[in-house]
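The values are calculated or read from the model by the stated rules, or taken from the named source; none is laboratory data. Bear in mind that the values here come from a model prediction, so they are computed numbers and not experimental data. Reconstructed Cβ throughout: ideal geometry from the backbone, glycine too, with neighbour counts over all protein chains shown.
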Amino acid sequence: MANVSVGSQAGRSSPGRPRDPDRHEAVLQATRALLRENGYSALSIDAIARQADVSRRLIYRWWGHKARIVAEVLFSEPTADHSPNTGALEGDVRELVNETVARYAKREMALGLPGLQADIVANPQLAEEVEQRYTRRHLERWNEVLMRAVGSGEIRQGQDHTAIAHAAVGAISVLAQERIFKRRKDMTDFVTTFVVNAIR
């Protein structure tokens, strides 16, 4: 999606022995550093391999395309195994928004996302992988929060939860790109209020 979001599953599945976690993490860290320095268009498998001190063959076997590595760097989410549950809609939305604001404020996101989006649009298979591995869990977390609010009577039934989630991420993406807010907290406050008022 244009506002590709987050999830927990990463990389390509491959037969044989499990991945070495140290080399896996080295590739992610190298990719993150190179994105911060030069952006997506200048990123190459060769450069990642040199920076991570691993072979090109290993990277191609595990990921196959630099876009898959960049997607994992930008969208993997440690907290994706659960949705916020503060006891109130506004608190839950604030946590989801704050996580996304923090992610979009990173330099690697600013320099990596436009090129990654172009590759995703041009490659239906890659787009499907990103949807399955990252976007789906992000939408599930929003749906869990909003369904809980429906059950508690805080919001009405029948709203499009997927559209709400995409709208929140889209707003954050644009605001971060345009640098409307100098402080992340101010952006979190604005988007949280915007989303909660809209769905109420």
Within segment 81-101, of all residues that are within 20 Å of Arg137 (Cβ to Cβ) and loosely packed, with under 14 Cβ neighbours inside 10 Å, the one farthest from the chain's Cα centre (by Cα) is Thr86
Selection count where residues are closer than 21 Å to Asn123 by Cβ and crowded, with 17+ Cβ neighbours inside 10 Å, scope segment 48-80 | 16
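Please enumerate the residues belonging to segment 176-200 that are of a type in the set (A, V, I, L, M) and in contact (Cβ under 8 Å) with a residue 40 or more places away in the chain. Spell out the reasoning first.
Looking only at segment 176-200, we keep the residues that are of a type in the set (A, V, I, L, M), and these are 176, 180, 187, 191, 195-196, 198-199.
The answer is Ala176, Met187, Val191, Val195, Val196, Ile199.
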Residue in segment 143-199 that is surrounded by the fewest Cβ atoms within 10 Å (Cβ to Cβ), counting only those that are acidic (Asp, Glu) and assigned to a loop (DSSP other than H, G, I, E, B) = Asp160
Using the structure shown, decide if Ala67 is under 22 Å from Tyr134 (Cβ atoms), at pLDDT below 95 and touching a Gly at 6+ places or on another chain (Cβ under 9 Å).
-> no
Restricting the first residue to segment 56-68 and requiring it to be within 13 Å of Asp119 (Cα to Cα), which pairs with a second residue that is acidic (Asp, Glu) meet a Cβ separation below 7 Å and a spacing of at least six or different chains?
-> Ala67/Asp119
Using beta carbons and a limit of 6 Å, which pairs, at least six apart or on different chains, have the first residue in segment 159-170 and in contact (Cβ under 8 Å) with a residue 60 or more places away in the chain and the second one β-branched (Val, Ile, Thr)?
-> Ala168/Val195; Val169/Thr100
For Arg137, indicate whether it is in contact with a Pro (Cβ under 9 Å, 6 or more places away or on another chain), within 15 Å of Leu96 (Cβ to Cβ) and among the basic types (Lys, Arg).
-> no
Check whether at least one residue in segment 113-135 is more than 30 Å from Val150 (Cβ to Cβ), surrounded by fewer than 16 Cβ atoms within 10 Å (Cβ to Cβ) and in contact (Cβ under 8 Å) with a residue 12 or more places away in the chain, and report yes or no.
-> yes
